[in-house]
Amino acid sequence: MNLLKHYIKEVHSVEDITNKFKEKVGYLPKEPIRKVKMRVNCYGREEDTEHTFFLNEWEEAQKQGYYMA
């Protein structure tokens, strides 16, 4: 399966779920985690989606305007 660029069209919400992760798994992750609800465009197909990122991945996706999935 190939990775495709998912262009971020609109961000609906960003939630810090680091503490929820700790409650479920029992330890803190190495980096804060964000759950992002957004509208993306992948080769002409627009959809609302929810994706989980580490903080540095999310910052990079915002800077580039897309993420690979």
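Trypsin sites (Lys or Arg not before Pro), restricted to the chain: which are DSSP loop and have at most 13 other Cβ atoms within 10 Å?
Working: sites: Lys5, Lys9, Lys20, Lys22, Lys24, Lys30, Arg34, Lys35, Lys37, Arg39, Arg45, Lys63; in loops: Lys30.
For trypsin sites (Lys or Arg not before Pro) across the chain that sit outside H, G, I, E and B with at most 13 neighbouring Cβ atoms in 10 Å, the list reads Lys30.
Filter the chymotrypsin sites (Phe, Trp or Tyr not before Pro) in region 12-69 down to the DSSP loop ones having no more than 15 other Cβ atoms within 10 Å, then list what survives.
Values: sites: Phe21, Tyr27, Tyr43, Phe53, Phe54, Trp58, Tyr66, Tyr67; in loops: Tyr27, Tyr43.
Passing both the DSSP loop test and the Cβ count: Tyr27, Tyr43.
For the chain, find the longest principal axis of its Cα atoms and tell me its angle to the long axis of helix 55-64, 0 to 90°, nearest 10.
Here the helix axis deviates by roughly 20 degrees.
Using bins 10 angstrom wide from zero, how does P(r) for the chain break down, in % of all Cα pairs?
That works out to 20, 48, 25, 6, 0, in percent per bin.
Roughly how big is the chain's charge dipole about its Cα centre, with Cβ charges of +1 (Lys, Arg) and -1 (Asp, Glu), in debye to the nearest 20? The partial results should precede the final answer.
On the way: 12 positive and 12 negative charges, 21 e Å.
That gives the chain a dipole magnitude of about 100 debye.
Considering Cα pairs under 8 angstrom that are at least six residues apart, work out the relative contact order of the chain and quote it in whole percent.
On the way: 114 pairs, mean separation 26.7, N = 69.
Dividing the mean separation by the residue count of the chain yields 39 percent.
State in Å² the accessible area per residue of the chain; use a 1.4 Å probe, count heavy atoms of protein chains only, and round to the nearest integer.
Working: 5170 Å² over 69 residues.
Averaged over the residues of the chain, the accessible area is 75 Å².
Considering only protein heavy atoms and a probe of 1.4 Å, how much of the accessible area of the chain is carbon and sulfur, as a whole percent? Spell out each step's value before the answer.
On the way: 2420 of 5170 Å².
Here carbon and sulfur together make up 47 percent of the probe-accessible area.
The values are calculated or read from the model by the stated rules, or taken from the named source; none is laboratory data. Quantities reported herein were computed from a predicted structural model and do not represent experimental measurements. A quick note on method: Cβ atoms are made from the backbone with ideal geometry, for glycine too, and the neighbour counts reach across all protein chains shown. For the accessible areas, the whole protein counts, side chains as well, though only heavy atoms, and no ligand, DNA or RNA atoms are used. Shrake-Rupley method; radii C 1.70, N 1.55, O 1.52, S 1.80 Å.
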